[in-house]
Amino acid sequence: MSGVEGWIEQRALVPQQVYDGFQKLSQQAQSDPVQATGTTRNDTNIHLDPGRETEHLYQLNQGSKVSILQRATAEKTVPGGMAKPASSKNESAKPVTPLMEDWWLIRDPDGRVGWVLARFVDLDVPLEIAEYAEGQRIVAFFVLDQVADGDKKVPQYLVVLTEPKDGLPFDFNQVRVFTWNVRKHRYETAYREHNLNGFLPVTISQENFDKEGTLPVFVLQVKDDDGKMSQRKYKMNTPIVRRVLAPGEVKEVPTPRKKTRHH
C-alpha cells in the first residue's frame, strides 16, 4: 500500500451484489404497509437476509426509530457459526431441535430496508394498551380511528399478539380491538379472537357501509389447516366489531364473550 488516505463510498466495502441486494430489497418493500414502529435498544446491524451470519451493510445506532414491515425466523447460530454441541446424555434419543430467532424487516428514517434481530427492537406500543397484553407479545398495532372525549381526540386500536416466544410458525394468533368509553374515560376490549394462524401484513382502511356510513376496516391474512391462505375482513362500528363476509362465505358461530373493562 502507498499510504494514501481518503474517503470511499461505503458500498465499495462490500461486494456489488450485496449492495444491489439491498437496493432490490428496498424496492420490493416500497409499498409494504407499516405494521408497527419501534426503537433499537442497542447498535444493530441491518442484514440482507434473516440470520446472524448473513451479509450486512448498514448499522443503526442505539435509540434509532424504525418501521416494522415483516417478520421472519432464522436458526440461531453461536459465534463463528459453529453448531451447538450435542448433550452427553441420550445423544441418540432424538435429533436436536435448532433454536430459532425472530427477525424484523425494517425501514429506517433514511429509507434503508433490511432485516434486524427482533429482540434488539422495542416496539413503541402506547402504554395505555401495552399494559393489557396479559403476558402475550404484541406483534403489531394500528390506530383504527379516533373518538372525541371532551376537547381531546382519543385513538382506538387494533392489536395483534402472539405467545412470548421466538420461532413460532405464524406471525400472530390473537387479535384485540380496544375502544374508548367516553362516559367512563377508559379503554375497553370490544373484540377478541384467539387461535388464529395469522400472517403479516395486516391492512387498515375505511369503507362505506350504506346506512352505517364510513367505518374503519381491517383485513387479516389467515392460513387454514390445509395451508391455504385467505383474508378475513372486519368492520368496526364503535364499539361493535363484526366480520364482513365475502360472497359465498359462511358465517361462523362466535363463542359468547363478555366485554372486558379496564380500570
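No lab work stands behind these numbers, since they all come straight from the coordinates. What you are looking at is a predicted structure, and each value in this text was computed from that prediction instead of being measured. Using ideal geometry, Cβ is built from the backbone for each residue, glycine included, and neighbour counts are taken over all protein chains shown.
For the stretch 10-62, what is the Kirkwood estimate of the hydrodynamic radius, computed as the reciprocal of the mean inverse distance between distinct Cα atoms, to one decimal in Å? Result for the stretch 10-62, one decimal place: 12.5 Å.
The calculated FRET efficiency for Trp7 paired with Phe170, based on their beta-carbon distance and R0 = 51 Å, is about 0.65. Between Glu53 and Glu134, residue separation times 0.36 nm minus the direct Cα-Cα distance comes to 25.7 nm. Subtracting the Cα-Cα distance of Leu127 and Ala72 from 0.36 nm times their residue separation leaves 17.2 nm of extension gain.
Stretched out straight at 0.36 nm per residue, the stretch from His194 to Val34 would grow longer than its current Cα-Cα span by 55.3 nm.
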